[in-house]
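What follows is a single structure, written as structure tokens, with notes after it.
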Amino acid sequence: MNIVFLAPFGIRPKGTLIARMLPLAVEIQARGHQVTIIAPPYTNPEDSGVVETVCGVRLVNIHLAPKGVFGTLQMAWRMLRAAMAEKPDLIHLFKPKGYGGVAAMLLILLRRCGVQLPPVVVDTDDLEGKGGMNETQSYSKAERRVFAFQEQWLLRRAAAVTAASKVLCELAIAGGMLPAKSFYLPNCVDDLPQGAGGVARQRLGIPLEAPVLLLYTRFFEFSQGRLHELFASIRRSLPEVRFLVVGQGRRGEEAELLRAADAGGFAAALVMAGWTEPKLLPDLLAAGDLAIYPFDDTLVNRAKCPAKLTELLRSGIPVVADRVGQITEYLAPELQSLLCTPGDVQAMSTRCVELLQNRSLCRELGAAGRHYILQHFSWTDSAAALEQVYQSISTAGEA
């Protein structure tokens, strides 16, 4: 089959293309199909109009248009034209919103008018509208209304829906998608080598003997006050600890954390690595003895399929996390005891201190978690399942 993936944005700096679309495209091609990714590179405008090959997959960055309603329609039309130039048998939209969402809506409408066009599959890896990402982003009121409408409209009318979490599957069915056309497709991992944690520690000035608690985050998925309280509590119980924070916030959360560190007495333990290039991440993740994954119990979090958690587990580091949504799916049976009631700072602090005082146990649990996720959440297996979705659409006469 000849398949086109419609991307929600460019390949840099956001991670959806690298974390979800690209590994799926690579594995689908390994099964004998052809995949082309069409992207609107507004996140990396220097690539406007550039055609490149990434990990063996052809990536077409459309030419950017000015912002505004007319520019949005231009961008959607360019994505549609670029997709149809590939003469695809099927189009898979990733995220039911934005420019790609408009292009997919046009395709579906034209098909309903009798125009011979390929079917559209829609992938959802976040709840986008009301109660979802709309509430966490600085969108305008008009953008929120449009995104909520796109999500509802596309999930009801797609030939099939692939959903990154079981909650998203349930929401798609509740919104009108037939259960037989809603498919669970969680974020997965490749079997990549583990990083050299000692290299990262040396670069950051962290002693090799120090117990390191890792936070790999974008900050917005949990209460900042809870994080500050957690770090202060762990520091009081384990003065030699180091807190390694990898990632970047959107609303000045790093500065807020630094102020809280001064006030809470853990400033000397705090190491802020910030946003980093993907190629450097393995070493940084391997520098930790233990990771935390705080996750507030909200609808948007219950619907998420946290890719950063999969990266932590693949890195061979155990994770103390909140028991919310998809998180429980990813943890090996041996790690289920590390799950905490959401918001229980004392329970998370106690578990972290106990494990950081037993680094050999951390290594054992990390190895078990890595083995489990590689065995049960493989992109190779997911691509095989996705291929069956595509074939079922073709067999049903949708193509």
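Residues that are buried (at least 21 other Cβ atoms within 10 Å of the Cβ), farther than 26 Å from Phe231 by Cβ and in contact with a Cys (Cβ under 6 Å, 6 or more places away or on another chain) occur at least once in the range 372-380.
Filtering Leu356, Leu361 for residues that are within 28 Å of Phe220 (Cβ to Cβ) and either at pLDDT below 95 or in contact with a helix residue (DSSP H, G or I) (Cβ under 8 Å, 6 or more places away or on another chain) (or both) leaves a single hit, Leu356.
Scanning the range 316-335 for residues that are under 15 Å from Glu364 (Cβ atoms), at pLDDT 95 or above and small (Gly, Ala, Ser) yields a single hit, Gly316. Only one entry of Gly100, Gly49 meets the criterion of being modelled with pLDDT of 95 or more and surrounded by fewer than 15 Cβ atoms within 10 Å (Cβ to Cβ), and that entry is Gly49. The strands (runs of 3 or more DSSP E) found wholly in the range 1-86 and carrying at least 2 residues that are touching a helix residue (DSSP H, G or I) at 6+ places or on another chain (Cβ under 9 Å) occupy 2-6, 34-39, 57-61.
Any residue that is free of Cβ contacts under 8 Å to residues at least 24 places away in the same chain, touching a strand residue (DSSP E or B) at 6+ places or on another chain (Cβ under 7 Å) and among the small types (Gly, Ala, Ser) - is there at least one of those in the range 34-42? Steps first, answer last, please.
Filtering the range 34-42 down to residues free of Cβ contacts under 8 Å to residues at least 24 places away in the same chain leaves none.
No, the conditions are met nowhere in the range 34-42.
Given the criteria assigned by TED's automatic domain parsing to the domain that holds Cys169 and touching a residue at least 24 places away in the same chain (Cβ under 8 Å), does Glu329 qualify? The answer is no for Glu329.
Considering only residues that are among the hydrophobic types (A, V, I, L, M, F, W, C) and part of a loop (DSSP other than H, G, I, E, B), which ones fall in the range 370-399? If the condition is that a residue be among the hydrophobic types (A, V, I, L, M, F, W, C) and part of a loop (DSSP other than H, G, I, E, B), then Phe377, Ala396, Ala399 are the ones that fit. Applying the criterion of at least 1 residues that are at pLDDT below 95, surrounded by fewer than 16 Cβ atoms within 10 Å (Cβ to Cβ) and in the same structural domain as Gln357 (by TED's automatic domain parsing) to the strands (runs of 3 or more DSSP E) found wholly in the range 231-298 leaves 270-274.
The set of residues in the range 125-169 being assigned to a helix (DSSP H, G or I), farther than 11 Å from Ala303 by Cβ and touching a residue at least 60 places away in the same chain (Cβ under 8 Å) consists of Glu135, Leu154.
Of Leu127, Leu192, Leu178, Leu213, which residue is surrounded by 23 or more Cβ atoms within 10 Å (Cβ to Cβ), modelled with pLDDT under 95 and not charged (D, E, K, R)?
Exactly one of Leu127, Leu192, Leu178, Leu213 is surrounded by 23 or more Cβ atoms within 10 Å (Cβ to Cβ), modelled with pLDDT under 95 and not charged (D, E, K, R), namely Leu127.
Quick check, is Ala172 at pLDDT below 95, closer than 21 Å to Phe5 by Cα, in contact with a strand residue (DSSP E or B) (Cβ under 9 Å, 6 or more places away or on another chain) and in a helix (DSSP H, G or I)? Spelling it out, Ala172 is indeed at pLDDT below 95, closer than 21 Å to Phe5 by Cα, in contact with a strand residue (DSSP E or B) (Cβ under 9 Å, 6 or more places away or on another chain) and in a helix (DSSP H, G or I).
The values are calculated or read from the model by the stated rules, or taken from the named source; none is laboratory data. As the structure is a prediction and not an experimental result, all values here were calculated from the model. Heads up, the Cβs are rebuilt from the backbone with ideal geometry, glycines too, and the neighbour counts pull from every protein chain shown.
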